[in-house]
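**Student:** Submitted below is the structure of interest, expressed as structure tokens.
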Amino acid sequence: MKNMPKRFKHRKVQKGSLRGLATRGHTVAFGDFGLQSLEPGWLSARCLEAGRVAATRAAPGARVTIRIFPHKPITSIPAETRMGKGKGEPEYWAAVVKPGTVIFEVGGVTAEQAKVALNRVAHKLPVSTRMVARRTR
């Protein structure tokens, strides 16, 4: 998985706010079970990749889908640098997650296998999550 956008309009972006609930991407769409965020936060590209590896190892026959992508460049100034001198350089890429966003989806496995796989993924993420199932109409 590519952990950053191929091209982007602005190299540095402002922090923004994480208020409110997710209005899009809050239902299971591609798999049978999903991992839904319960709190807001930034998920780095590295923790998303760690979650993907954990899910594919826990459920080898499963179809794992990552529903979010790290579009936000997070900047930082080097340690022991004096105040001022502008904004720091981009350090890593992160995905903005609001409460209710489905982060990972797993399909093609039983509920027990999905629970094990998504539990392994949840341990890799810095936000609290819950497992949700696809709604049937």
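Read the figures in this text as sums done on the coordinates, not as results from a lab. Because the structure is predicted, anything quoted here is derived from the model rather than measured. As a convention, Cβ positions derive from the backbone with ideal geometry for all residues, glycine included, and neighbour counts pool all protein chains shown.
**Student:** Mind listing the long-range amide H neighbours of Ser44? Cut-off is under 5 Å, sequence gap 5 or more, other chains count too, H placed in the peptide plane at 1.01 Å from N.
**Tutor:** Those qualifying (amide H under 5 Å, at least 5 residues apart or on another chain) are Ala95.
**Student:** Could you work out the local net charge near Gly88, counting Lys and Arg as +1, Asp and Glu as -1, over the other residues with Cβ closer than 12 Å to its Cβ?
**Tutor:** +2
**Student:** 5 Å is the cut-off here: which amide hydrogens, built 1.01 Å from N in the peptide plane, fall below it relative to Ala59, excluding neighbours closer than 5 in sequence?
**Tutor:** Sorted by chain and number, the residues that satisfy this come to none at all.
**Student:** Pulled fully out, how much extra length does the chain show between Arg24 and Glu112, if you take 0.36 nm times their separation in residues and subtract their Cα-Cα distance?
**Tutor:** Numbers: separation 88, 0.36 × 88 = 31.68 nm, distance 2.72 nm.
Extending this stretch completely gives an extra 29.0 nm.
**Student:** Tell me, how many Å apart are the Cα centres for segment 89-130 and for segment 12-75?
**Tutor:** Centre-to-centre distance over Cα atoms comes out at 5 Å.
**Student:** For Ser76, what charge total do you get from the other residues with a beta carbon under 9 Å from its beta carbon, if Lys and Arg give +1 and Asp and Glu give -1?
**Tutor:** With Lys, Arg at +1 and Asp, Glu at -1, the net is -2.
**Student:** Now for a different question. Structure shown: which of Lys6/Lys115; Lys15/Lys85; Lys9/Lys115; Lys6/Lys124; Lys6/Lys98; Lys6/Lys87 lie over 27 Å apart, alpha-carbon to alpha-carbon?
**Tutor:** Numbers: Lys6/Lys115 33 Å; Lys15/Lys85 18 Å; Lys9/Lys115 39 Å; Lys6/Lys124 25 Å; Lys6/Lys98 24 Å; Lys6/Lys87 23 Å.
Where the Cα-Cα span goes over 27 Å, the pairs concerned are Lys6/Lys115; Lys9/Lys115.
**Student:** Helix 45-58 sits at what angle to the longest principal axis of the chain, using alpha carbons and giving 0 to 90 degrees rounded to 10?
**Tutor:** That helix lies at roughly 20 degrees to the long axis.
**Student:** Let me ask something else. Amide H of Arg67: which non-local residues (sequence gap of 5 or more, or other chain) have their own amide H closer than 5 Å, using H built in the peptide plane?
**Tutor:** Long-range HN contacts for Arg67: Phe104, Glu105.
**Student:** Which ³J(HN,Hα) values, rounded to whole Hz and listed in residue order, are derived for segment 29-36 from phi using the Karplus coefficients 6.51, -1.76 and 1.60 in 6.51 cos²θ - 1.76 cosθ + 1.60 with θ = phi - 60°, glycine and proline given as x?
**Tutor:** 10, 10, x, 9, 9, x, 10, 9
**Student:** What does the net charge come to around Val106 if you take all other residues with beta carbon closer than 13 Å to its beta carbon, with K and R at +1 and D and E at -1?
**Tutor:** Its environment carries a net charge of +4.
**Student:** Now, a different point. Contour minus end-to-end for Phe69 and Tyr92, with contour as 0.36 nm per residue of separation and end-to-end as the Cα-Cα distance?
**Tutor:** Roughly 7.0 nm would be gained on extension.
**Student:** Take the Cα coordinates of segment 11-103, assign each an equal point scatterer, and use the Debye formula without solvent to give log10 I(q)/I(0) at q = 0.10, 0.11, 0.12 Å⁻¹.
**Tutor:** -0.35, -0.41, -0.48
**Student:** Using θ = phi - 60° and the Karplus form 6.51 cos²θ - 1.76 cosθ + 1.60, what ³J(HN,Hα) does each residue of segment 116-132 get, whole Hz, x for Gly and Pro?
**Tutor:** Coupling constants for segment 116-132: 5, 5, 6, 5, 5, 5, 4, 5, 8, 9, x, 10, 6, 9, 9, 8, 10 Hz.
**Student:** Another question, then. For the chain, set up a Gaussian network in which alpha carbons nearer than 10 Å are linked by springs, and say which option among Lys15, Lys124, Lys98 fluctuates the most.
**Tutor:** Of Lys15, Lys124, Lys98, the most mobile in the Gaussian network model is Lys15.
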